[in-house]
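The structure under discussion appears below in the form of structure tokens.
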């Protein structure tokens, strides 16, 4: 589930330190890679998969994909256009060609996240005003975890990219046990000994890999 879906959770603590140029570049690169991971899973969805159940309660594949596409559309609305974060997803957003819709939405979102100053600036979000870099941190996790959900729903087994999973663990571990984490993902499960970063991330977010 998207951290934006419930407004009662408090925002993560905001840092007063601005991102360095390298950090801004790394953030956009990570976002791009996470979106690509999700897109690869989406490209493998068949016509028979759209009504399959997913690990997300009450969501079928179509609703899960609509949720992710809505999140990317909101990145553009908020970071580029200064609009409000209204996260209610509707499967109709996917139109007749979900892959084409996803691709256009993601390209616009990445372009918006790449604009000068947006990652340091504060933007409206359902959990409060957040720096753009934190919003994009949410989206990196969303694309990875829901990409895994999507593959699992369609009968495929995938592993999360280790570098991106480590990045997400660094992002979320300081928030372990907080409302913003436990209120929006499944209850944490214990990973096996020696688990990879990808499995540890999935376990932190309530998924048994």
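Of the residues in segment 63-82, none is at pLDDT below 95, under 23 Å from residue 122 (Cα atoms), surrounded by fewer than 17 Cβ atoms within 10 Å (Cβ to Cβ) and within 16 Å of the chain's Cα centre (by Cα). For segment 121-134, a residue qualifies if it is touching a helix residue (DSSP H, G or I) at 6+ places or on another chain (Cβ under 7 Å) and either under 16 Å from residue 25 (Cα atoms) or modelled with pLDDT under 95 (or both), and the qualifying residues are 121, 124, 125, 127, 132, 133.
One residue stands out among those in segment 169-194 that are part of a loop (DSSP other than H, G, I, E, B) and over 22 Å from residue 153 (Cβ atoms): the one that is modelled with the lowest pLDDT, which is 183. Residue check: is residue 41 under 30 Å from residue 188 (Cα atoms) and in a loop (DSSP other than H, G, I, E, B)? Answer is no for this residue. Of all residues in segment 122-142, those being in a helix (DSSP H, G or I) and under 10 Å from residue 78 (Cβ atoms) number 2. When you scan segment 88-109, how many residues do you find that are farther than 21 Å from residue 44 by Cβ and surrounded by fewer than 19 Cβ atoms within 10 Å (Cβ to Cβ)? Number of matching residues: 4. Of all the listed residues (119, 79), the sole one being closer than 19 Å to residue 35 by Cα, in contact with a strand residue (DSSP E or B) (Cβ under 7 Å, 6 or more places away or on another chain) and in a loop (DSSP other than H, G, I, E, B) is 119.
The values are calculated or read from the model by the stated rules, or taken from the named source; none is laboratory data. The shown structure was predicted, so the numbers you read here are calculated from the model rather than taken from an experiment. All Cβ positions, even for glycine, are placed from backbone atoms using ideal geometry, and neighbour counts span all protein chains on display.
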